[in-house]
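Worksheet for the structure shown next.
The values are calculated or read from the model by the stated rules, or taken from the named source; none is laboratory data. What you are looking at is a predicted structure, and each value in this text was computed from that prediction instead of being measured. Reconstructed Cβ throughout: ideal geometry from the backbone, glycine too, with neighbour counts over all protein chains shown.
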Amino acid sequence: MDTLADRLTAAMRRMGINDRDLADLINSSGVSISHAYIVQLRKGQRTNPTLEHLRALAVALAVPVWWLIGEDDPAGDLPFTALSSPSRIALAHVLELARRADRLPPLGGPAERLPGPAEVVERPRPRVQEVATHPYQAHEVRQAFTGGRMPANRVGGRLQALRKVAGLSVSEVELVIGEGRLSGVEAGTVVPPEPVLRTLLSTYGLTDYHQVELFIAAARGDLDGRWWWGYFQTMPLWVVVLLDMEDQAELIRTWFSDGVPPLLQTSDYTRAQRQAAHFPDTAAQQVRLVVDLMLKRQARLRDREMKLWAVVQESALLDDMGDVEVQLGQIDHLIDLCKRPHVSLQVSQGRRKHYRPRGGSFSLMRVPQHEGPDVVWLPALTEDLLIDDATRTMEYSMAYARLCTSACRPQETPEVLTGIRNRIVRDLRS
């Protein structure tokens, strides 16, 4: 019969973790254990761990306690010996639930977690069974009998994409994190401990603080309920950080010198703007993605208490984006937005003695979770830039205050927009 040392070593090898990683996982769950003690257990130098340590080891390694201590499979008697290991594990879990319902003692200890995809104990089966393919993966059986409570690897696919962008092979990365540890992570069958995840992100060149912390939060499952979670795997990470901050912001102040702020655009205007950015290519798929995302961002902002304060350059409203109907529809939409209590809109007109800051557009976001002043987003050609330095953000805040004092007052905006609309219609008729 296998010993505790044998099965502990096999389970750690299956998950691709070392003694320190396992100790970190258990300590993070609130149970105190040292990596030196785990080494002693794995080498057979210590053979009588406490029940608390046994349960913590089983939970961290995603195996039942009875399996870890070397007990036989409770579902191992005939007629179950011909079944594959995932099926026997599932039956063992059902048996434990039935005994618990009848207030009977557990067999070999509670089965808190079931083994992962690479189950290490495989009983001999009749030859006819050896060529059969089991219809369920072990992790599917595990998910079915734990109500989906098992920790999931949410970032494996994204990590693989980052590695390929960095031009690194699996073997090159495993020189850093240890041999045999990356395949399971990228396949989604192994949840990487946070220290390993941080090492991987650093190896792949991801050093931006906000992007790294968002990645870590995603791996922990903290972001599962966010409306934008479906974009995590496909969008650039800076876009995901922008969506996350926007979703948490209490106040957004934005100045757009060359167009209408994205959160105030009509879908036709967004489409025309993106087509102009890709000209002469059509980029139909990218345009559809951007329009769909914009509509979801706007819907999210309508559903919650968030103040949006925008200053728009008059000359940007006179740009027809190639279609006068789109232009007029956008101005009508802005006039309608002026009626909403959470939107404040001003127009900076092209007159003398009006302030116009150096550089282009920018937005300030007040995010409660961010310690310090507002953060600043600067639109750029390939990637928007995030500034959170207090001195620099204060400069942008002062510039925005000067913009507001030199633009028309919010209560005058509907009249100013109507005047711009009438001017466009007159020019169209002449």
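Odds and ends about this structure:
- Asp24 meets all of the listed conditions (1) charged (D, E, K, R); (2) more than 35 Å from the chain's Cα centre (by Cα); (3) part of a helix (DSSP H, G or I) but one, namely (2).
- Selection within region 16-29: residues that are modelled with pLDDT under 85 and touching a helix residue (DSSP H, G or I) at 6+ places or on another chain (Cβ under 6 Å). The member of this set that is farthest from Ser183 (Cα to Cα) is Leu25.
- Restricting the first member to region 22-39 and to residues that are farther than 16 Å from Ala11 by Cα, and the second to residues that are among the β-branched types (Val, Ile, Thr) and at pLDDT 90 or above, the beta-carbon pairs closer than 9 Å and six or more apart or on different chains are Asn27/Ile33.
- Meets criteria (assigned by TED's automatic domain parsing to the domain that holds Gln327, surrounded by fewer than 11 Cβ atoms within 10 Å (Cβ to Cβ) and farther than 21 Å from Gln327 by Cβ) for Thr382: yes
- Among the candidates Arg423, Arg429, the residue that is over 16 Å from Ser361 (Cβ atoms), modelled with pLDDT under 90 and of a type outside the set (Ser, Thr, Tyr) is uniquely Arg429.
- Just one of the listed residues (Arg409, Arg402, Arg366) is basic (Lys, Arg) and within 29 Å of the chain's Cα centre (by Cα), and it is Arg366.
- Failed item in (1) hydrophobic (A, V, I, L, M, F, W, C); (2) in contact (Cβ under 8 Å) with a residue 60 or more places away in the chain; (3) buried (at least 19 other Cβ atoms within 10 Å of the Cβ), with Trp227 passing the rest: (3)
- Here Leu91 fulfils each of the conditions (1) closer than 22 Å to Asn153 by Cβ; (2) modelled with pLDDT under 80 apart from (1).
A quick yes/no check of all residues on (1) surrounded by fewer than 18 Cβ atoms within 10 Å (Cβ to Cβ); (2) modelled with pLDDT of 90 or more; (3) more than 26 Å from Gln330 (Cα to Cα):
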position	(1), (2), (3)
Met365	no, yes, no
Pro368	yes, no, yes
Leu386	no, yes, yes
Met398	yes, yes, yes
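- Residue match in region 322-332 (condition: within 25 Å of Asp247 (Cα to Cα) and in contact with a strand residue (DSSP E or B) (Cβ under 8 Å, 6 or more places away or on another chain)): no
- Matching entry among Val190, Val240, Val176 (being buried (at least 17 other Cβ atoms within 10 Å of the Cβ) and more than 30 Å from Gly360 (Cα to Cα)): Val190
- Positions within region 402-421 being buried (at least 16 other Cβ atoms within 10 Å of the Cβ) and outside any helix (DSSP H, G or I), in sequence order: Ala407, Cys408
- Within the option set Gln285, Gln275, being farther than 26 Å from Val416 by Cα, surrounded by 13 or more Cβ atoms within 10 Å (Cβ to Cβ) and within 29 Å of the chain's Cα centre (by Cα) holds for one residue only, Gln275.
- Filtered by the rule that a residue be closer than 17 Å to Leu197 by Cβ and in contact with a helix residue (DSSP H, G or I) (Cβ under 8 Å, 6 or more places away or on another chain), region 221-231 gives a lone residue, Leu223.
- Residue check, Val347 over 31 Å from the mean Cα position of the chain (by Cα), of a type outside the set (Lys, Arg) and surrounded by 18 or more Cβ atoms within 10 Å (Cβ to Cβ): yes
- Some residue of region 255-265 being of a type in the set (Val, Ile, Thr) and under 28 Å from Ala399 (Cα atoms): yes
- Of all residues in region 25-42, exactly one satisfies the criterion of being under 20 Å from Thr3 (Cα atoms) and touching a Pro at 6+ places or on another chain (Cβ under 7 Å), namely Leu41.
Listed here are the residues, each with its yes/no results for (1) surrounded by 14 or more Cβ atoms within 10 Å (Cβ to Cβ); (2) within 30 Å of Trp238 (Cβ to Cβ); (3) charged (D, E, K, R); (4) modelled with pLDDT of 90 or more.
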{"site": "His139", "(1), (2), (3), (4)": "yes, no, no, no"}
{"site": "Thr146", "(1), (2), (3), (4)": "yes, no, no, no"}
{"site": "Arg158", "(1), (2), (3), (4)": "yes, yes, yes, yes"}
{"site": "Arg163", "(1), (2), (3), (4)": "yes, yes, yes, yes"}
{"site": "Glu186", "(1), (2), (3), (4)": "yes, yes, yes, no"}
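- Consider region 173-205 and keep the residues that are touching a residue at least 60 places away in the same chain (Cβ under 8 Å) and not in a helix (DSSP H, G or I). The one that is nearest to Ala218 (Cα to Cα) is Pro193.
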